[in-house]
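Take a look at the structure set out below.
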Amino acid sequence: MAQYLPVLALLILAALFAGISFMASKLLAPRRPTVEKLAPYECGIIPGREPPQRFPVRYYLVAMLFVIFDIEIVFLYPWAVIHRELALYGLVAVLIFSALVFESFVYLISKGALDWGPLQVSRRQNPMVSEARTSSSTIRKVGSEGRYTEVEKLGRKNPDHSIEAA
């Protein structure tokens, strides 16, 4: 029991330090709340409105991928150090663990965790879209109505000359 006395003393000192720090912060910190200070802080940008859509789930899937492989590396380092002492039992345990990690990786890939590009939608999937519809048939050149042709421009620049003469 005496060997745990330094650990207990360290835990008591840590709790005292945390408590004294919180009390000193409450007593000594200035209190001048403003609307800007109470607003949520997002990378220095003051939110003017709520976002129109939810945050994409793919971000969280990539975060899960990172955590999964991070945990795998943390567990593989100790195994690599003492793999000879663990023998066949250690090898089987690491193979099972690696299979589970690979299974979660396959699951995340199947859910589109790494598909960050624009979605490619085939025209054949949507029966409402005609095959004859292309960008040249649907995009209108803005501002082309009411503009003068080259001949009309020449006639307007030189009012002495008529359009027919040009």
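Brief remarks follow.
- Considering Val94, Val81, the condition of being modelled with pLDDT of 90 or more and in contact with a Leu (Cβ under 8 Å, 6 or more places away or on another chain) is satisfied by Val94 alone.
- Residue satisfying condition, being at pLDDT 85 or above, of a type outside the set (D, E, K, R) and out of contact with any Cys (no Cβ under 8 Å at 6 or more places or on another chain), within set Ala113, Ala87: Ala87
The values are calculated or read from the model by the stated rules, or taken from the named source; none is laboratory data. This is a predicted model, so every value here is computed, not measured. Cβ atoms come from the backbone with ideal geometry, glycine included; neighbour counts cover every protein chain shown.
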